Amino acid sequence: MIYDGWLKIQDWFHERSLIYDKYSKSIPKKPDVINVDFLNLRYGWLEMVFRINGQKQLMIPLSDLYDPLQDIVQWLEAIIDLGNGNPYYEHTLHIDSEGTHIFMHYELVELPEFGSVEDQRGLFVVYCSTLEDKEQTVSAICSPVNLIKSIYLALLNFFAFHNNGQYDEEYLIENWSMPHGEVSTSLELYNNVKSTKLEWYTAQKDYDAWFDKSFVKPTIKKIILFCSDDGGSFWNRDGSRLTDEAELGMDEQMPNDVSISTQTKNILAPQRDGSKSEFGVDIKFLIKLRMSLKDDVDLFFGSRPINGHLAKFELLPNYRLWQKGNHSGLRYRKIKKTDNAV
């Protein structure tokens with residue numbers, strides 16, 4: 001697995017043992033805040049930067065020669081199953097970046113008897129065989145939900161909005177290729193890292209109910225952004241503003257004759273208690289709008305970036321892709337307890 005020999009494995013084991021020693025006496029009650037950015041795309045290289053509690057700890061280089069992006073998504077999907085469908089409680093991903101070896105590791109350390117998956121705690125570790133000055137191996141305590149959202153949402157944002165317009169379409173597809181070869185549009189790169197399973201796991205729902213799940217993954221052909229700034233507006237990913245409701249990509253099977261101006265007014269309206277979400281929008285109405293869109297349309301929302309910071313727009317998942325009665329063809333069956341259940 002490690003082409004540079006046993007010494008690299010020994011170094012990884014050594015770093016991991018130091019981290020175990022750090023947490024051996026107690027697990028912090030307050031989880032760490034994890035932020036991930038994908039930056040500086042150039043000539044088939046992409047930087048994945050980790051910040052823990054606001055402090056930069058590590059940058060790992062990713063190479064499209066051994067494209068690891070889909071592997072990262074599959075690793076996140078495997079984390080969902082830890083302790084559930086997967087009898088193990090840890091999962092490790094190895095990435096070969098043309099001689100630089102990276103390990104991304106997550107293991108559950110606290111599984112409360114009551115509560116949701118957001119109350120679970122796990123140890124997150126990122127090791128890189130080549131460290132720059134002031135960099136260090138990442139170690140953090142976090143819930144699987146927060147870890148998955150931090151990485152997956154950053155990855156979607158990068159390909160959906162080209163790092164807030166830092167890269168144009170031509171630059172993006174010229175500087176990153178997929179394993180089967182070059183791509184013709186950035187939407188191909190976006191669809192390559194899409195996961196309905198991750199979106200289901202991080203969506204707002206009742207975590208106490210478990211379901212047999214068969215996920216539908218449509219090919220996304222259009223991405224829409226709703227910005228709550230300046231009275232609210234809908235935008236295409238190319239920066240053009242939407243002015244006609246037909247441009248939203250409404251589903252013909254879901255009748256809707258509401259204009260964009262009315263949609264915007266409702267989204268920005270205060271909730272019943274007079275408050276709004278942290279994003280300044282009515283999430284319930286956004287979900288209603290999402291249900292009226294075609295399955296090949298993705299809807300993001302948030303505020304424009306300020307002071308040069310990267311925006312992390314929130315994806316509003318397509319709930320039809322895993323709920324009963326959707327016309328996308330998803331099979332859905334709630335697991336009922338029986339008298340003979342143990």
Trypsin sites (Lys or Arg not before Pro) in region 107-173 lying in a DSSP loop, each with at most 14 other Cβ atoms within 10 Å of its Cβ, come to Lys134
Among the Cα-Cα pairs of region 87-183, the proportion with separation greater than 20 Å, in percent, is 57
In nm, the gap between the two label points placed 7 Å beyond Cα toward Cβ at Val33 and Glu182 is 4.3
Kirkwood radius from Cα pairs of region 147-194 plugged into Stokes-Einstein at 4 °C, 1.567 mPa s, gives D in µm²/s equal to 117
So for R0 = 22 Å, FRET eff. of Gln204-Asp119 from the Cβ-Cβ r, to 0.05, ends up at 0.90
Under a 1.4 Å probe, counting only protein heavy atoms, Phe13 has an accessible area in Å², nearest 10, of 100
In this structure, among Lys149/Lys312; Lys194/Lys217; Lys56/Lys197; Lys194/Lys312; Lys221/Lys312, pairs with alpha-carbon gaps over 19 Å are Lys56/Lys197; Lys221/Lys312
Quick P(r) readout (region 18-109; Cα-Cα; 10 Å bins; whole %) gives 14, 38, 37, 11, 0
Within region 42-151, DSSP-loop GluC sites (Glu not before Pro) with at most 14 other C-beta atoms within 10 Å are Glu98, Glu113, Glu132
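The values are calculated or read from the model by the stated rules, or taken from the named source; none is laboratory data. What you see is a predicted model, and the numbers here were worked out from it, not measured in a lab. Here the Cβ is made from the backbone with ideal geometry for all residues, glycine too, and neighbour counts use every protein chain on show. These accessible areas exclude ligands, DNA and RNA; they are computed on the full protein's heavy atoms, side chains included. Shrake-Rupley method; radii C 1.70, N 1.55, O 1.52, S 1.80 Å.
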